[in-house]
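Since the structure comes first, as structure tokens, the remarks are kept for the end.
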Amino acid sequence: MSTMTMARATLAKDLRMEWRSKDAINSMLFFGLLVVVIFSFAFNPNAEESRHIAGGLIWVAFLFAAVVALNQTWARELRNQVLDAYRVSPAPANALFLAKAFGNFIFVAVLELLMAPLFIVFYNLRSVGPAWQLVVVAVLGTWALVVNGTFFAALSIRTRNREMMLPLILFPISIPALLAMVDSTTSILTGEASPDFWMKMLLVYDVVFTSVCLLLFESVLNAE
Amino acid sequence: MHQPDSRETNGSDDRPILAVEPAILVANVVKFFGRFAALRGASYRFAAGHLYVIVGDNGAGKSTLLRIIAGLMEPSQGSVTVLGSASLRSVAQRVGYMGHAPLLYDELSGMENLRYFAGLYGMHDLAVCRNAMQMMELDPDLSRRVGQYSQGMRQRLSLARAILHKPEVILLDEPFSNVDVHSAGEMAAFLGRLRDSGKTVLVITHQANVMGQVADAFVHMAAGQIVTAPSSNQPARIDSVPARTQ
């Protein structure tokens, strides 16, 4: 059985379940909307100031909103102990990890697509640098958030305060990625510096952490 | 319940249990949870093609033993061999497990659940899922989500999931919990037919009377040990009832 076939089946199942329950996407949207509105009233920035602070605001909003989805990911597998059914099957552990990571990527990407116009309107954003680079940063940055988030959410599922544990573990380890996301976004929006270094750093971060997560996930899945 | 569709020739026979090759060999298994020992040197030989009912008080270690056999837990000491392999992962395709919880997604329909789990075993034929549901007297076309099923329907669907891939060894933890007496009797008869078709079946239950007519042996557990042990050096209790072999 191929890992990708298994991952596709699990991803399709997760998307169907999310389509029906809308647990993750509704929580993320509500949280993201709150951040956009409250921050816009709190700072009330002009266009120039917006370009300087938007990178930080956008990614902090997405990071916090993503945690909501990440917690939901494994909660579904714990209800009725369905994870045990996966563990006793011959399906590869990494297929489950990839399906969950891709699923979270899709949920957070949908959030970003829906929130981006709101950020543009509320913060009067215009990119001075090449706007297409924002798409690259969004893809690399989102993957950085979800790949670690999926892994650490799995690590914390057997802990008593797992909803508190996830940000405690995830945020410190995401600092290099967050730094790269914020600085590259700010560089593109202001056009004052080249975002190349930060984008390369994000790419390296993604490759390293995806590899580490894939190597360790089976142990995490079967940990008692 | 309908007949299991896989009929194999090496099914249950009249040979004494000890003469049959073991499907599962549990050797001096100890399991600690922190400082608490849930299993304290459990040993047993489960013969192939037989149906065992594991009974014992709450906390006797029945579910822990079954989870170790299923590969969901590692023993702290001792070893478990399933179908001749100490690596339970390598025989996962040949083992079916039904947990105490239903192990089903509430948000999906019965067929959607079975299709997904069949896929995990490399099976993509819809007919297999339909047959499994029909064997359990469930309607494959029922679009209702599992979360809206009655307890009895959930248990039957859970059993269908466990036997979907036609495993040789079937491990069932409390399959009759919250099931009415009539349905439990039907499920027990179905398990008997599975045994007759050559499967090795281990059932944990507190309703041992339901299994009286079909069980080959009752295995008693107490305080983390198997106290009925015809094939090991553990102390045996006389009140065990190897129903079909006597």
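Computed from the coordinates by the stated procedures, all read-outs in this text should not be read as laboratory data. All of these numbers come straight from a predicted model, not from anything done at the bench. As a convention, Cβ positions derive from the backbone with ideal geometry for all residues, glycine included, and neighbour counts pool all protein chains shown.
When the residues of segment A:19-57 are narrowed to those that are part of a helix (DSSP H, G or I) and of a type in the set (D, E, K, R), which ends up surrounded by the most Cβ atoms within 10 Å (Cβ to Cβ)? Let's see the steps before the verdict.
To start, the set of residues in segment A:19-57 that are part of a helix (DSSP H, G or I) comprises A:19-21, A:23-43, A:47-57.
Going one step further and asking which of them are of a type in the set (D, E, K, R), we end up with A:20, A:23, A:48-49, A:51.
Values: A:Arg20: 11, A:Asp23: 17, A:Glu48: 9, A:Glu49: 13, A:Arg51: 24.
Looking at the filtered set, the residue picked out is A:Arg51.
Are any residues in segment B:98-115 within 20 Å of A:Glu18 (Cβ to Cβ), out of contact with any Ser or Thr (no Cβ under 8 Å at 6 or more places or on another chain) and outside any helix (DSSP H, G or I), and if so, which ones?
Selection gives B:Tyr105, B:Asp106, B:Leu108.
With the condition kept exactly as written, say whether any residue in segment B:131-150 is at the interface with chain A (Cβ under 10 Å from one of its Cβ atoms), buried (at least 17 other Cβ atoms within 10 Å of the Cβ) and hydroxyl-bearing (Ser, Thr, Tyr).
Scanning segment B:131-150, I find no residue that is at the interface with chain A (Cβ under 10 Å from one of its Cβ atoms), buried (at least 17 other Cβ atoms within 10 Å of the Cβ) and hydroxyl-bearing (Ser, Thr, Tyr), so the answer is no.
Please work out which residue is nearest to the chain's Cα centre (by Cα), limiting yourself to segment B:116-125 and to residues that are in a helix (DSSP H, G or I) and either facing another protein chain (nearest Cβ under 7 Å) or without any contact (Cβ under 8 Å) to a residue 12 or more places away in the chain (or both). Walk me through it before giving the result.
In the first step, residues of segment B:116-125 are kept if they are in a helix (DSSP H, G or I); the result is B:116-120.
So of that shortlist, the ones also either facing another protein chain (nearest Cβ under 7 Å) or without any contact (Cβ under 8 Å) to a residue 12 or more places away in the chain (or both) come out as B:116-117, B:119-120.
Working: B:Tyr116: 21, B:Phe117: 17, B:Gly119: 21, B:Leu120: 19 Å.
Top of the filtered list is B:Phe117.
Go over the candidates A:Ala177, A:Ala116 one by one and state the one that is within 14 Å of A:Trp59 (Cβ to Cβ), more than 14 Å from every other protein chain (Cβ to nearest Cβ) and out of contact with any helix residue (DSSP H, G or I) (no Cβ under 6 Å at 6 or more places or on another chain). So that I can check it myself, show each step before the final result.
Working: A:Ala177 fails: out of contact with any helix residue (DSSP H, G or I) (no Cβ under 6 Å at 6 or more places or on another chain).
After applying the criteria, what remains is A:Ala116.
Please verify whether A:Arg16 is crowded, with 16+ Cβ neighbours inside 10 Å and not hydrophobic (A, V, I, L, M, F, W, C), treating the condition exactly as stated.
Details: crowded, with 16+ Cβ neighbours inside 10 Å: no; not hydrophobic (A, V, I, L, M, F, W, C): yes.
No; evaluated as a whole, the condition is false for this residue.
Among the numbered criteria (1) buried (at least 16 other Cβ atoms within 10 Å of the Cβ); (2) at positive phi, which one does B:Gly59 miss?
(1)
Can you find a residue in segment B:69-79 that is within 14 Å of another protein chain (Cβ to nearest Cβ) and either basic (Lys, Arg) or part of a strand (DSSP E or B) (or both)?
Pass one, segment B:69-79, residues within 14 Å of another protein chain (Cβ to nearest Cβ): B:69-76.
Next, from what is left, pick out any that are either basic (Lys, Arg) or part of a strand (DSSP E or B) (or both): none.
The answer is no, given that none of the residues of segment B:69-79 is within 14 Å of another protein chain (Cβ to nearest Cβ) and either basic (Lys, Arg) or part of a strand (DSSP E or B) (or both).
Name the residue that is nearest to B:Arg145 (Cα to Cα), counting only residues in segment A:24-62 that are within 16 Å of the chain's Cα centre (by Cα) and not hydrophobic (A, V, I, L, M, F, W, C).
Once the filter is applied, the top-ranked residue is A:Asn26.
The conditions are (1) within 21 Å of B:Glu21 (Cβ to Cβ); (2) of a type outside the set (Asp, Glu); (3) assigned to a loop (DSSP other than H, G, I, E, B), and B:Phe176 fails exactly one of them. Which is it?
Unmet for B:Phe176, out of (1) within 21 Å of B:Glu21 (Cβ to Cβ); (2) of a type outside the set (Asp, Glu); (3) assigned to a loop (DSSP other than H, G, I, E, B): (1).
Only one of B:Ala184, B:Ala222 is of a type in the set (Gly, Ala, Ser) and closer than 23 Å to B:Leu104 by Cα. Can you tell me which? First the steps, then the outcome.
Numbers: B:Ala222 fails: closer than 23 Å to B:Leu104 by Cα.
Matching residue, one of B:Ala184, B:Ala222: B:Ala184.
Applying the selection to segment A:77-97, what residues are part of a helix (DSSP H, G or I), more than 7 Å from chain B (Cβ to nearest Cβ) and either surrounded by fewer than 24 Cβ atoms within 10 Å (Cβ to Cβ) or small (Gly, Ala, Ser) (or both)?
Listed by number, the residues that qualify are A:Glu77, A:Leu78, A:Leu83, A:Ala93, A:Asn94, A:Ala95.
Do we find a residue being of a type in the set (Lys, Arg) and crowded, with 16+ Cβ neighbours inside 10 Å anywhere in segment A:161-174?
Keep residues of segment A:161-174 that are of a type in the set (Lys, Arg), which gives A:162.
Those still in the list that are crowded, with 16+ Cβ neighbours inside 10 Å too: A:162.
Looking for residues that are of a type in the set (Lys, Arg) and crowded, with 16+ Cβ neighbours inside 10 Å, one finds at least one in segment A:161-174, hence yes.
Among the residues of segment A:113-139, write down those that are closer than 26 Å to A:Asn94 by Cβ and buried (at least 23 other Cβ atoms within 10 Å of the Cβ).
Selection gives nothing.
Residue by residue, here is whether (1) free of Cβ contacts under 8 Å to residues at least 60 places away in the same chain; (2) more than 14 Å from chain B (Cβ to nearest Cβ) holds:
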{"site": "A:Leu11", "(1), (2)": "no, no"}
{"site": "A:Ser21", "(1), (2)": "yes, no"}
{"site": "A:Asn26", "(1), (2)": "yes, yes"}
{"site": "A:Asn44", "(1), (2)": "yes, yes"}
{"site": "A:Leu63", "(1), (2)": "no, yes"}
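Out of the residues in segment B:96-106 that are at the interface with another protein chain (Cβ under 7 Å from one of its Cβ atoms) and surrounded by 20 or more Cβ atoms within 10 Å (Cβ to Cβ), which is farthest from B:Gly71 (Cα to Cα)? Spell out how you get there, then give the answer.
Within segment B:96-106, the subset at the interface with another protein chain (Cβ under 7 Å from one of its Cβ atoms) is B:97, B:99, B:101-106.
Okay, now just the ones that are also surrounded by 20 or more Cβ atoms within 10 Å (Cβ to Cβ), so B:97, B:99, B:102-105.
Values: B:Tyr97: 10, B:Gly99: 12, B:Pro102: 18, B:Leu103: 16, B:Leu104: 19, B:Tyr105: 21 Å.
My answer is B:Tyr105.
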